[in-house]
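Since the structure comes first, as structure tokens, the remarks are kept for the end.
The values are calculated or read from the model by the stated rules, or taken from the named source; none is laboratory data. All values reported here derive from a predicted model rather than from experimental measurement. So basically every Cβ, Gly included, is an ideal-geometry build from the backbone, and we count neighbours across all protein chains shown.
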Amino acid sequence: MNLNQLTAHELIDHLKSKKTTPSDIYTAVVKEIERLDPKVKAYLRLTKNKPAFDSNSRLDFPVPISIKDNICIKGEEITCASHILEGFHPSYNAAVIEKIQKCGGILVGQTNMDEFAFGSSTENSHFGPTRNPWNLECVPGGSSGGSAAAVAAHEAIWALGSDTGGSIRQPASFCGIVGLKPTYGRVSRYGLIAFASSLDQIGPLTKDVTDNSLLLNIIAGHDERDSTSADVSVPDYTKSLINDVKGLKIGIPKEYFIEGMDPQVKNAVGEAIEVLEKKGAIFKEVSLPHTEYAVATYYILATAEASSNLARFDGVRYGIRCQPKNSRKGSIVDLYEETRSVGFGKEAKRRIMLGTYALSSGYYEAYYVRAQKVRTLIKNDFDSVFKEFDAIVTPTSPTTAFRIGEKAEDPLAMYLSDIYTISANLAGIPAISLPCGFSKNGLPIGLQILAKPFAEEMLFRIAYSYEQSTPWHTKRVSINA
Amino acid sequence: MPEFETVIGLEVHLQLSTETKIFCGCANLFGREPNTLTCPVCLGLPGSLPVLNKKALMYAIKAALALNCQINSYIKFDRKNYYYPDLPKGYQISQHDLPVAHDGWVMIPASGSFKKINIKRAHLEEDAGKLIHDTFLNCSLVDYNRTGTPLMEIVSEPDLRSPQEAYDYLTTLKLILQYLDVSDCDMEKGSLRCDANISIREKGDLRLGTKTELKNMNSFRAVKAALEFEEIRHQKLLSSGQKIIQETRLWNDEKAMTISMRSKEDAHDYRYFPEPDLVPFTIDEAALQEIKRSVPELPREKFERFLKEYKLAEYDAQILIQNQELAGFFEQCAAFSVETKKVCNWLIGPIQQELNSRGAKINSLQIQPQELCDLIKKIEDGVLSNLVAKDVLKIKLDTGKTIDAIIRERGLTQICDDGTLENLIEEILNENTQVVEQIKQGKESAMGFLVGQAMKKTQGKANPKKIKELITRRFHNA
Amino acid sequence: MLSKEEVRYIAGLSRIHLQENEVEYLTRNLAGILDYIDHLKKLDVSQVPPTSHVLPIKNVYRRDKVKPSFSVQDAVKISPHAYKGFFKVPQVIE
């Protein structure tokens, strides 16, 4: 196997036993990007500032990492895959970048995404879609599709993504890798270009559960620059990699097994449950009665916050600036309207408009406040279940990766595909997706595990136990370049 | 013209004098080179997040308590969404439904007594940047130094009934806030800004008339002038059967008139919603009590107490309390001297003059309360004349030497000895024979001239009372 | 039912200029989405408190201590339209 096809923990062992060097690993990754990315298009750009391989440096994790293009890296261009931010170079590092650099992590490049994280397929990128390594005609999922595809195609060792309604887990599921959305507040949002501030979290996309726990160790922790960052100590998540689920009580929410669900997904998840049952986990049906309202709730709250968060993209201070040929409303309003009209893509405009509407006078109570109340109900559903259960298991997505263009004209259909992942963001609870099989077409199927706030250790334990009893994490995609 | 009643409400924006801005660690300073006090947070760079400056909240609570407000035990911040180049995030972090405080009041002087003006609410928010219009280059230039400065907005109920009351409300508010040391309260520097709402109605009518909002007044005087102008404008319109248009008008100081803004801005739909990047804040009883204890004696209490305790005249007490430190100095003097009236006169007279000319604060002057009292006693005891004492004061402030040292070094002891004075008078009379003749003819008032000459000859060292006595005796005995 | 007028108004509030064809399809899209969202009206939420923050965190403060700011160069270098230390925009008429 080539270096780039190994996991981070394998590479760290190799480095420790001097079988390889950080420079060799980096070169292997870059070479694979050059070979495959013209087809996969996972990357928007490689980092301008190339790493300096100093043989004297005492580094813990000198392993290349790829970053979703909505996490600020000082001096590197960042676009959120949008035209409106082209040319913008932030003058500071995100908290997670600081943490990665502190332990020697090597930034390789920035990955493609749906514009401003608005999407579930990475088709909304201004720079064109990324392709699913398992089938280049299919989407990798979104919005962290670039990161997921890069990891799956071994164009990355591991990567960071962001998850607001499933944007780490769903692409992880579509690409057959492991993706974690940490508890809200577990990872600092300082430097993450915000989509929906009360829902966003940065999380790891990795080849296996062990890598995921390692990367969470690095990025988790309280940050005084983020008021919503939880002051909760970070355990060593690798200690939760225990191959044992005896006696754990796991709930299966009946509302998640619905019409329109791909029967292959249903079967794969059913089989995964059997594997865990054989290992001693106790499964019972539970109810999350407000599940059917989650998508509607999410699309009010998330778009409302997004409409406000994206108001700063106006051409005044950074990014592109446009002026119409003929003045319409006066020069400064024209500047705003033209810049944003030219700079934002279709989905971005759609969401900004929806969010603005939900907050506008006369509709605020009926939409925004109502959605906040339903959010309480959804959170309460989980709180009740977790009183008795250690975890909840569901499919990550009702389907496997769909074809590029298949859902592009139907935004509502696209939104509904987030049905299983959205509730975790609304409730602020941690959730992980890992591969649990393949469809007849060879497309990966994802299993999702949810736990109560700050119980990532529980997620890792169950995920690791399942992973170690199944072959999925060893399956490697091969792409003919 | 029917009889109209004017109804005025004021919104005061106060910049709090914290070291740093409200949501970031940039220094909270005025008058710096453009864009030298910014960071990702106050520039609203993508990915930046706000964190509340505790001191800003404490100052706001302190001010609200001094204004007799109720403090909310649970407060939160909200986003106020609108677009303007001086607003980098496209929204301002402010407070909407759960502000720091509500339902307070101040007493303002009115018709020889006092009137209560109610305060509706007080909240915290961040300031925006500054826009400079460059007509030569046909562009506008933005400086974000001021963005993120902590602002406290104090909204009064429409209880003010005249531009004069509005003026008095502002001066009362300013003095209270200065006592608290939470803000410079300087309209020139922009650390205190005021917008006014004014409407008129027929006397006896309980409904409020259509109001207009006034902006761009840069001094208390301008606020009063703008309201006076607007009051008349409203009266003229209504008297001639026309309607008042609800709008925002800018005060033009040069032309001494208000001008309609006539902007095409849609009536702002600010789309307030809770700020997701900031958590809520709870203020417990213990914290509240601690802040209450830090509120010093306020101007009105001090005024009342000075009248009672020191038996000062209202006029004198009023002047003293305008300067909290001067009032404090006065009290320290009162421990050393019972001549409170004299102390007061010295403070509001010569000392105040020195403060003005030196641009100094009382506590930085080189004189202690006990020393001032000593100076006053020396005049009482006849050691120094009043005139010379003033010189001694100046020298003392310049050099820091003790009063005794100054008197010794310059031989300033007042001449009171009869023998010396008699000789002096002899000289004066000989030098001014014409005036002597006038006095002998009956022009008694000319004696004052001779006293003046004696003072001049001795460089003010002669005891003027004694000189006058002796001269008078001379003429009456003659 | 969402009208085109409302859509144009919302676009104005959002400071986005829409072409006529955009108004067309956005009206359709948004009407459909709002229709789906109206689903929420079925619930009785009269006794339910709203959730603004999903974590029970309160009272996060900063100390009033000065931290370094950007130099003026670092502040304005993000803008291609900087001028003598200022951010430049077309003239704003007040």
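Given the condition within 23 Å of residue C:22 (Cβ to Cβ), touching a Leu at 6+ places or on another chain (Cβ under 9 Å) and buried (at least 21 other Cβ atoms within 10 Å of the Cβ), answer yes or no: does some residue in region A:375-394 qualify? Looking through region A:375-394, none of the residues is within 23 Å of residue C:22 (Cβ to Cβ), touching a Leu at 6+ places or on another chain (Cβ under 9 Å) and buried (at least 21 other Cβ atoms within 10 Å of the Cβ).
Looking at region A:344-366 only, could you name the residues that are outside any loop (DSSP other than H, G, I, E, B), under 23 Å from residue A:117 (Cβ atoms) and either among the acidic types (Asp, Glu) or at the interface with chain C (Cβ under 8 Å from one of its Cβ atoms) (or both)? Across region A:344-366, the qualifying residues are A:347, A:349, A:350, A:352, A:353, A:354, A:356, A:357.
When you scan region B:109-125, do you find a residue that is in a loop (DSSP other than H, G, I, E, B), under 30 Å from residue C:69 (Cα atoms), touching a residue at least 24 places away in the same chain (Cβ under 8 Å) and in contact with a strand residue (DSSP E or B) (Cβ under 7 Å, 6 or more places away or on another chain), even just one? Scanning region B:109-125 turns up no residue that is in a loop (DSSP other than H, G, I, E, B), under 30 Å from residue C:69 (Cα atoms), touching a residue at least 24 places away in the same chain (Cβ under 8 Å) and in contact with a strand residue (DSSP E or B) (Cβ under 7 Å, 6 or more places away or on another chain). Among the numbered conditions (1) among the basic types (Lys, Arg); (2) in contact with a Lys or Arg (Cβ under 7 Å, 6 or more places away or on another chain); (3) not in a loop (DSSP other than H, G, I, E, B), the only one that residue B:249 does not meet is (2). Applying a threshold of 7 Å to beta carbon distances and a minimum spacing of six or more residues, or different chains, the list of pairs starting in region C:45-59 at a residue that is over 12 Å from residue A:376 (Cα atoms) and ending at one that is surrounded by fewer than 17 Cβ atoms within 10 Å (Cβ to Cβ) reads C:58/B:282; C:59/B:282.
Pick from A:440, A:373: which is among the basic types (Lys, Arg) and part of a loop (DSSP other than H, G, I, E, B)?
A:440
Taking helices (runs of 4 or more DSSP H) that fall entirely within region A:95-184, which contain at least 2 residues that are over 21 Å from residue A:402 (Cβ atoms) and either free of Cβ contacts under 8 Å to residues at least 24 places away in the same chain or over 15 Å from the mean Cα position of the chain (by Cα) (or both)?
Filter on region A:95-184 gives A:95-102.
Within region A:290-327, being of a type in the set (Lys, Arg) and touching a Gly at 6+ places or on another chain (Cβ under 9 Å) holds for A:312, A:317, A:321.
Of everything in region A:277-323 that's aromatic (Phe, Trp, Tyr), away from chain B (no Cβ under 11 Å) and not in a strand (DSSP E or B), which residue is surrounded by the fewest Cβ atoms within 10 Å (Cβ to Cβ)?
A:293
Residues in region B:91-141 that are within 14 Å of chain C (Cβ to nearest Cβ), hydroxyl-bearing (Ser, Thr, Tyr) and surrounded by 14 or more Cβ atoms within 10 Å (Cβ to Cβ): B:91, B:140. Candidates in region B:11-37 are the residues that are more than 7 Å from chain C (Cβ to nearest Cβ) and assigned to a strand (DSSP E or B); of these, the one that is farthest from the chain's Cα centre (by Cα) is B:11. When you look at residue B:204, is it assigned by TED's automatic domain parsing to the domain that holds residue B:31 and in contact with a His (Cβ under 9 Å, 6 or more places away or on another chain), yes or no? For residue B:204, the condition - assigned by TED's automatic domain parsing to the domain that holds residue B:31 and in contact with a His (Cβ under 9 Å, 6 or more places away or on another chain) - is not met. Could you please let me know if residue C:61 is aromatic (Phe, Trp, Tyr) and under 24 Å from residue A:359 (Cβ atoms)? It is false that residue C:61 is aromatic (Phe, Trp, Tyr) and under 24 Å from residue A:359 (Cβ atoms).
The set of residues in region A:333-343 being buried (at least 22 other Cβ atoms within 10 Å of the Cβ) and facing another protein chain (nearest Cβ under 7 Å) consists of A:335, A:336, A:337, A:340. Against the test of being of a type outside the set (Gly, Ala, Ser) and crowded, with 18+ Cβ neighbours inside 10 Å, the options B:324, B:353 yield a single qualifying residue, B:324. Quick check, is residue A:355 touching a helix residue (DSSP H, G or I) at 6+ places or on another chain (Cβ under 7 Å) and either closer than 21 Å to residue A:295 by Cβ or among the charged types (D, E, K, R) (or both)? So residue A:355 fits the description; yes. Within region B:176-213, being touching a Cys at 6+ places or on another chain (Cβ under 9 Å) and either surrounded by fewer than 20 Cβ atoms within 10 Å (Cβ to Cβ) or not in a helix (DSSP H, G or I) (or both) holds for B:178, B:187, B:191, B:192.
Annotation note: of C:52, C:69, the sole residue that is surrounded by 16 or more Cβ atoms within 10 Å (Cβ to Cβ) and in contact with a Cys (Cβ under 7 Å, 6 or more places away or on another chain) is C:69. Scanning region B:295-345 for residues that are in contact (Cβ under 8 Å) with a residue 40 or more places away in the chain and closer than 14 Å to residue B:375 by Cα yields B:333, B:337, B:339. Condition check for residue B:173 on (1) assigned to a loop (DSSP other than H, G, I, E, B); (2) aliphatic (A, V, I, L, M); (3) surrounded by 22 or more Cβ atoms within 10 Å (Cβ to Cβ): one failure, at (1). As a summary of the residue check, residue A:330 satisfies the conditions (1) of a type in the set (Gly, Ala, Ser); (2) crowded, with 16+ Cβ neighbours inside 10 Å; (3) within 14 Å of chain B (Cβ to nearest Cβ) except for the one numbered (2).
The set of residues in region A:258-273 being within 24 Å of the chain's Cα centre (by Cα) and under 10 Å from residue A:437 (Cβ atoms) consists of A:264, A:265, A:268, A:269, A:272. Only residues that are of a type in the set (A, V, I, L, M, F, W, C), at pLDDT 90 or above and over 21 Å from residue A:128 (Cα atoms) were counted in region A:31-56, giving 0. Scanning region A:199-215 for residues that are surrounded by fewer than 24 Cβ atoms within 10 Å (Cβ to Cβ) and under 13 Å from the mean Cα position of the chain (by Cα) yields a total of 0.
Listed here are the residues, each with its yes/no results for (1) assigned by TED's automatic domain parsing to the domain that holds residue B:470; (2) at pLDDT 90 or above; (3) assigned to a helix (DSSP H, G or I).
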residue	(1), (2), (3)
B:363	no, no, yes
B:367	no, yes, no
B:371	no, yes, yes
B:376	no, yes, yes
B:379	no, no, yes
B:391	no, no, yes
B:424	yes, no, yes
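Taken together, the residues in region B:57-89 that are more than 10 Å from every other protein chain (Cβ to nearest Cβ), in a helix (DSSP H, G or I) and either of a type in the set (Asp, Glu) or in contact with a helix residue (DSSP H, G or I) (Cβ under 8 Å, 6 or more places away or on another chain) (or both) amount to 5.
Condition check ((1) more than 22 Å from residue A:313 (Cα to Cα); (2) surrounded by fewer than 24 Cβ atoms within 10 Å (Cβ to Cβ); (3) within 14 Å of chain B (Cβ to nearest Cβ)) across all residues:
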{"residue": "A:68", "(1), (2), (3)": "no, no, yes"}
{"residue": "A:82", "(1), (2), (3)": "no, no, yes"}
{"residue": "A:86", "(1), (2), (3)": "no, yes, yes"}
{"residue": "A:94", "(1), (2), (3)": "no, no, yes"}
{"residue": "A:98", "(1), (2), (3)": "yes, yes, yes"}
{"residue": "A:101", "(1), (2), (3)": "yes, yes, no"}
{"residue": "A:116", "(1), (2), (3)": "no, no, yes"}
